[in-house]
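Only one structure is covered here, and it is reproduced in the block below.
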Amino acid sequence: MRTAIVGGGAAGFFLAINLKEMLPAMEVTILERSQRVLAKVEVSGGGRCNCTNSFSSVTDLSQVYPRGHRLLKRLFRVFDQRDAYAWFERHGVRLVTQDDDCVFPASQDSHTIINCFLAEARRQHINICTGVRVDDVASLMSQYDFVCVCTGGSPRPEGLRWLADTGHAIEPPVPSLVTLSIADEALHQLMGTVVEGAQVAISGTKLRSEGPLLITHWGFSGPAVLKLSSYGARHLADNGYQVALAVNWTGQREPEVLQALQQLIAENPQKQLPSVRPCGLPTRLWDYLLAKTLGERATNRWQNLNQKELNRLVNVLTNDVYQTAGRAVFKDEFVTCGGVSLASVNPSTLESRHVPHLFFAGEVLDIDGVTGGFNFQAAWTTAYTVAQSICAKS
Ligand SMILES: Cc1cc2nc3c(=O)[nH]c(=O)nc-3n(C[C@H](O)[C@H](O)[C@H](O)COP(=O)(O)OP(=O)(O)OC[C@H]3O[C@@H](n4cnc5c(N)ncnc54)[C@H](O)[C@@H]3O)c2cc1C
């Protein structure tokens, strides 16, 4: 029997290798449109490949998978992060789990994973054909017993037309994990500043997230914004990435911040405002917030703050609203929200509901996660599931 895997990326290779392990007699061919396989694995995680996560801080998959968490919950029963960890170690890739739960090869080099996949593919006589772009389901189905589409995220809808033409519903693709541009020169001067435990929200929606917020030379990035852009991927795209972004620099509620400022007034009446920073804010950020809130009175003494100024400071610390001017793609990781609708696949087998013996795995499906190794985990889990499904049908 013969299986064609369209796409020589993370999911395609993982599927090919597992399928051969389960069914050594299966002839497996990877068809890759570019000249190089596993290109994204190579650049992933800044070249280190954050290949999964310990999930220690995750109590529900919806916390890390804005789309696809219900399906993954079911599929994790078959192959989860512990299985992935054990799989890599069994195949000679030693892994380490960082303090932030992200899992990397101990070598800190994505080539360790690429070399593992290529060596396994060679050992198992998996055919790898590069420079082959597939865009016709019917012709492929006529040549192979099973076909699995592992073509990854397609930022443009045209890239999914060949799948739509065969009856599959497509969730319109939009980028996820983007950073937000803010037209504010004074803010850009704070580039490199990180505020731990900040909260960001899109005004007028329930979309919010918290975590480290990074100020860049174009606006905002860091885990808080990336996570917000993941959950708000569609809202942001629909609004041309121009929204009101409310930043709570302290991560605390207004009454708590008011109390903290009142305490500073009581303890430091003679000191100038810039010399005492509330809530552990970075110095440059505090100077910036003081200047934008109090103008010339930013260097006043704490005891001279009047009630109105105090209220304005509380407001800027907890609800500092910026108009975003667009998006920039996060350089270390970005994924596509959207793709083949999960309604078009059998949730247990990932077989197409429209074309028998056609399967899907990886980011081509409408599944995506936040940063932290969750996207690769989704690729491993869905690919393994398809290998098992094909095995069961052979
Ligand atoms: C810069 C960057 C860094 C990232 N870092 C991380 C990270 O550290 N951790 C993490 O979990 N996730 C990371 N991701 C996300 C992760 O890389 C993807 O989620 C993952 O690669 C998806 O695997 P896939 O096999 O579905 O798709 P891909 O790895 O994208 O593979 C798809 C393959 O299919 C080929 N293809 C596409 N269309 C066709 C066609 N019509 N015919 C033939 N071949 C085709 C493509 O050329 C490609 O080789 C990162 C993404 C980027 C862009």
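General observations
- Selection over the range 228-242 of residues that are buried (at least 22 other Cβ atoms within 10 Å of the Cβ) and in contact with a strand residue (DSSP E or B) (Cβ under 6 Å, 6 or more places away or on another chain) gives a count of 5.
- Selected residue (criterion: surrounded by the most Cβ atoms within 10 Å (Cβ to Cβ)) from residues of the range 368-393 that are near the ligand (Cβ under 9 Å from one of its atoms) and among the β-branched types (Val, Ile, Thr): THR382
- Residues in the range 7-24 that are assigned to a helix (DSSP H, G or I), of a type in the set (Gly, Ala, Ser) and within 15 Å of GLU42 (Cα to Cα) were compared, and the one that is farthest from the chain's Cα centre (by Cα) is GLY12.
- Residue ID - surrounded by the most Cβ atoms within 10 Å (Cβ to Cβ), chosen from residues in the range 272-327 that are without any contact (Cβ under 8 Å) to a residue 60 or more places away in the chain, of a type in the set (Ser, Thr, Tyr) and under 25 Å from THR216 (Cβ atoms): THR293
- Residues satisfying the stated conditions in the range 357-367, i.e. of a type in the set (D, E, K, R) and more than 7 Å from the ligand (Cβ to nearest atom): ASP366
- Test: THR52 is touching a strand residue (DSSP E or B) at 6+ places or on another chain (Cβ under 7 Å), more than 8 Å from the ligand (Cβ to nearest atom) and touching a residue at least 12 places away in the same chain (Cβ under 8 Å): no
- In the range 333-385, the residues that are within 20 Å of ILE114 (Cα to Cα) and either over 10 Å from the mean Cα position of the chain (by Cα) or basic (Lys, Arg) (or both): ALA361, GLY362, GLU363, GLN377, ALA378, ALA379, TRP380, THR381, THR382, ALA383, TYR384
- Wholly within the range 167-242, helices (runs of 4 or more DSSP H) carrying at least 2 residues that are in contact (Cβ under 8 Å) with a residue 60 or more places away in the chain and within 24 Å of LEU365 (Cα to Cα): 223-231, 233-238
- Where HIS91 falls short, out of the listed (1) over 18 Å from the mean Cα position of the chain (by Cα); (2) within 15 Å of the ligand (Cβ to nearest atom): (2)
- Breaking point among (1) within 23 Å of the chain's Cα centre (by Cα); (2) closer than 19 Å to LEU350 by Cα; (3) among the aliphatic types (A, V, I, L, M); (4) within 14 Å of the ligand (Cβ to nearest atom), for ILE30: (1)
- HIS125 meets the conditions (1) more than 29 Å from the chain's Cα centre (by Cα); (2) surrounded by 17 or more Cβ atoms within 10 Å (Cβ to Cβ) in every case but one. The failed one is (2).
- Cβ-Cβ contacts under 6 Å between residues 6 or more apart (or on different chains), taken from a first residue in the range 5-24 that is in contact (Cβ under 8 Å) with a residue 12 or more places away in the chain to a second residue that is charged (D, E, K, R) and not in a helix (DSSP H, G or I), are listed as GLY8/GLU32.
Every number in this text was worked out from the coordinates using simple rules, so none of it is lab data. Note that the structure is predicted; figures quoted are calculated from it, not measured. Every residue, glycine among them, receives a Cβ derived from its backbone with ideal geometry; neighbour counts consider all protein chains shown.
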